[in-house]
Amino acid sequence: MLSGLVIVDKPQGWTSHDVVGRMRRLAGTRKVGHAGTLDPMATGVLVVGVNKATRLLTYIVGTSKSYDATIRLGATSITDDAEGEITHTATTAAVTEEAVRAGVALLTGPISQVPSSVSAIKVNGERAYARVRAGEDVQLAARPVTIHSFDIHGMRRIEGAGVEQLDVDVTVVCSSGTYIRALARDLGAGLGVGGHLTALRRTSVGPYTLAQARTLEALAENLEMLDIAEAARALMPVRELTAAEAVELSFGRRIAASADGGHTADKPAAAFAPDGALVALLADAGKYAKPVLVFPPDPAPKGSNPGATAAAPGEGGR
């Protein structure tokens, strides 16, 4: 049974759900999920978990993310991006580079952000975007996010809708839950000319980057997958186990606490057997470390010699 993470370079026009459906067919399993939605307009890194690796997704969702984007100042859209109807235009002739940089600085660091009204956030059990499309005026509550960096790479004047507009190319590194199109909206609002997102490419999710990402076409030819142990090593603090500790954890029993301690159920350590197999995720509790998740070994292939090929307790995770 294949288990691991697939780092997909999502194509424009596909929903994240579309990608999951495609990966189910390529991997031959229904047990597939993703770690953080990308809008159809966006491209780039979408982390997909297959089989056992879906258990890692909850720890990936909350990691920081990075994006390359283009913000168009001088036009406001109903969706805060290029997919929505333009509702207002204004000239940016008086908007200086210094003003744009000052506006970006105000949106850097810990901020309170109102998500786009057409987001997938649920309002009374229904997605906000569905309510907007039904004609409702949806107002979402602000939430705290952190913009670790917001860097401008270029600006260029363009003619759009009969007025001078300004395209700004940026790179954003941010906490989970940040809406880049809301940054575009708020930058334009702060400058008094409106703004929306015209291009978005996610370049990393936690430790997983575009360098590891493959297109769906490439994956159809060769299903490259990060082994679950390799994926966990990149994502979490690591604890190397003795053979005896690996056996104890494989049965769900606790062991001595980690030397550095501080691992929690929300931010566990990945525990590895001497052979490199991922055995469990660990949380420290006083003198002991207890398994948050245990990864049982895969069964030996049908018809094989159990004495020769069966995984020992704690081995596996692939």
* Asked: Pick from GLY154, GLY162, GLY84: which residue has the top mean-square fluctuation in a GNM of the chain where Cα pairs under 10 Å get a spring?
  -> GLY162
* Per residue accessible area of the stretch 180-303, 1.4 Å probe, in Å² -> 46 Å²
* To do: Give me the angle, in degrees from 0 to 90, between the Cα long axis of helix 180-191 and the longest principal axis of the Cα atoms of the chain, rounded to the nearest 10.
  => 30 degrees
* Structure fact -> The set of residues whose placed amide H lies less than 5 Å from the amide H of ALA82, leaving out same-chain residues fewer than 5 positions away, is LEU197
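Lys and Arg at +1, Asp and Glu at -1: add these up for the other residues within a Cβ distance under 13 Å of ALA82 and post the number.
Summing Lys and Arg as +1 and Asp and Glu as -1 gives -3.
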* **the stretch 6-57 - percent of accessible surface contributed by carbon and sulfur, probe 1.4 Å** => 47 percent
* Structure fact -> Expressed to one decimal in nm², the mean projection of the alpha carbon convex hull of the stretch 158-213 is 4.9 nm²
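Arrange the residues ASP80, ASP68, ASP169 by how much accessible surface each exposes, largest first, with a 1.4 angstrom probe.
Greatest to least solvent exposure: ASP68, ASP169, ASP80.
Whenever you get a sec, line up LEU293, LEU106, LEU241 from highest to lowest accessible area (probe 1.4 Å, protein heavy atoms). Walk me through the intermediate numbers first.
Values: LEU293 35, LEU106 140, LEU241 15 Å².
Reading off the accessible areas and sorting them downward yields LEU106, LEU293, LEU241.
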* Please find the FRET efficiency linking ALA211 to ALA141, where r is the Cβ-Cβ separation and R0 is fixed at 45 Å, and quote it to the nearest 0.05. => 0.75
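Which pairs, out of LYS10/LYS290; LYS31/LYS287; LYS31/LYS267, put more than 30 Å between their alpha-carbon atoms? Write out the running numbers ahead of the final one.
Values: LYS10/LYS290 37 Å; LYS31/LYS287 36 Å; LYS31/LYS267 24 Å.
Those over the limit are LYS10/LYS290; LYS31/LYS287.
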* Using a Gaussian network model of the chain whose springs link C-alpha atoms within less than 10 Å, name the residue from ALA199, ALA231, ALA243 with the highest mean-square fluctuation. => ALA243
* To do: Please give the peptides 261-271, 42-52 ranked by average Cβ packing (other Cβ atoms within 10 Å per residue), highest first, as a rough proxy for protection.
  => 42-52, 261-271
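Ranked by accessible surface with a 1.4 Å probe, highest first, in what order do TYR288, TYR208 come?
Values: TYR288 95, TYR208 0 Å².
The residues order as TYR288, TYR208, largest area first.
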* **Table column - 3J(HN,Hα) (Hz), the stretch 192-198, Karplus curve with 6.51, -1.76, 1.60, x for Gly and Pro** => x, 10, x, x, 8, 8, 10
* **Selected from LYS31, LYS65, LYS287 as most flexible by GNM, with the chain as the system and alpha-carbon contacts under 10 Å** => LYS287
* Structure fact -> In whole angstrom, largest first, the equivalent ellipsoid semi-axes that the Cα gyration tensor gives for the chain are 44, 21, 17
* Asked: In nm, to one decimal, how far is the modelled label at VAL61 from the one at ALA218, with both set 7 Å along Cα→Cβ?
  -> 2.8 nm
* In nm, what is the difference between 0.36 nm times the number of residues separating MET1 and SER176 and their Cα-Cα distance? -> 59.9 nm
* Structure fact -> With bins of 5 Å, the percent of all Cα-Cα pairs of the stretch 1-105 per bin from 0 is 2, 11, 17, 16, 14, 11, 9, 8, 6, 4, 2, 0, 0
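Can you give the FRET efficiency to the nearest 0.05 for LEU106 and VAL238, using r as the Cβ-Cβ distance and R₀ = 30 Å? All intermediate terms of the calculation are to be shown ahead of the outcome.
Values: r = 39 Å, r/R0 = 1.30.
With a Förster radius of 30 Å, E is 0.15.
The values are calculated or read from the model by the stated rules, or taken from the named source; none is laboratory data. Small disclaimer: the values here were computed from a predicted structure and weren't measured. Here the Cβ is made from the backbone with ideal geometry for all residues, glycine too, and neighbour counts use every protein chain on show. Side chains are part of the model used for accessible areas, which takes the heavy atoms of the whole protein and leaves out ligands, DNA and RNA. Shrake-Rupley method; radii C 1.70, N 1.55, O 1.52, S 1.80 Å.
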